[in-house]
1. Any idea what diffusion coefficient the chain gets from Stokes-Einstein, in µm²/s, Kirkwood Rh on alpha carbon pairs, 20 °C, 1.002 mPa s?
2. List, in order, the whole-Hz ³J(HN,Hα) value for each residue of the stretch 156-166 obtained from phi through the Karplus relation with A = 6.51, B = -1.76, C = 1.60 and θ = phi - 60°; use x for Gly and Pro.
3. Could you tell me what % of all Cα pairs in the stretch 143-211 have separations over 19 Å?
4. Around residue 199, which amide H atoms from residues at least 5 apart in sequence, or from another chain, sit under 5 Å from its own amide H, with H modelled in the peptide plane?
5. Within 10 Å of each residue's Cβ, count the other Cβ atoms and sort 234, 68 from fewest upward.
6. What fraction of the Cα pairs in the stretch 176-242, stated in percent, has a spacing above 17 angstrom?
7. Under the rule of at least 5 residues apart or a separate chain, name every residue whose amide H is placed under 5 Å from the amide H of residue 34.
8. Please label the shape of the stretch 126-279 as rounded, prolate or oblate, based on the square roots a ≥ b ≥ c of the eigenvalues of the alpha-carbon gyration tensor (a/c under 1.5 means rounded; beyond that, a/b larger than b/c means prolate, else oblate).
Amino acid sequence: MKEFTAECAGAGRLEAMRSEVASLPGSPERPNEDWAAAALPASGSGGTVVLLDGVTPPAGDDGCVHTVPWFTARLGGALTELSGSRRDMPLSEILSLAIRRAADAHRDTCDLSHVRTPQATVVLVRWDEASVEHLVLSDSALLLEAPDGTVRAVLDDRLDRMPDEVRRSLEATDRLRNREGGFFTAAADPAVADRAVTGTTPRAEVRALAALTDGASRWVELFGAGDWADCFGVLREEGPAGLLRRVRALESADARAGGAHRWKLHDDATAVYAELSDH
């Protein structure tokens, strides 16, 4: 777990901002394909959170000589840099440019037209004194907490709307991947950025936020251990590492009971928690 705290002068007052990141691989035999960053400057009152969940392809069947972690590191690094340096750009344009940069890094060596070329889900959040911008693409989750404790989940639920038999079939999923009527991920086509769920919230209406890959959001979406507000409460009290420990405990208990709730025991799981200011 990583924690960052910065005291920032903004709107005539001193604000304390804190960010925590925790991530666990799904298996010790495989590299973690999630990627996360929280950039909180030492001056000013803005910041950025980036969360990616790399899509695991069948072994040796994605037309690329690179690994998924190689791709998520390049896409995540570009998103972090651009969201801070190009404040004039909407988040959808930043995602489009970041995808183009990542694609340019391997288009001479890899088949980027392959349906399983390295790709990832995306959560991107950027804030300043006035507003909080967000972008969500595919099945990672963003939670926004208001000063009164109300929690709003921002989700791209297109994959969840697919029938179970489609989501459990690799061939059926491929036919709907990054296609009209299906679902979208950040791969090699910059135009996919226009498919993301985007929006802006006044800064005064957001006290804290969290981003979760689907391995972390299992606590709500798979096991039903609580709703999104309950999940945010765990993050506030126990931090991202506490939420991930709870997820792993539920997965292990489910496995002992016969595994009715999951199609694989563990998934890469990452959670980011950021307090924008003290209230």
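Where a number appears in this text, it was derived from the coordinates with a stated rule and is not lab data. Bear in mind the structure is a predicted one, so any value in this text is a computation, not a measurement. No Cβ is skipped: glycine too gets one built from the backbone with ideal geometry, and neighbour counts run over all protein chains shown.
1. Numbers: Rh = 19.1 Å.
Translational D for this selection: 112 µm²/s.
2. Residue by residue, the stretch 156-166 yields 9, 9, 4, 5, 5, 6, 6, x, 4, 5, 6 Hz.
3. Summing the P(r) tail past 19 Å for the stretch 143-211 gives 49 percent.
4. Residues meeting the amide H criterion: 134.
5. Taking fewest neighbouring Cβ atoms as first place, the list is 234, 68.
6. Numbers: 1321 of 2211 pairs.
That tail contains 60 percent of the Cα-Cα pairs.
7. Distant-sequence amide H within range of residue 34: 54.
8. Verdict is oblate for the stretch 126-279.
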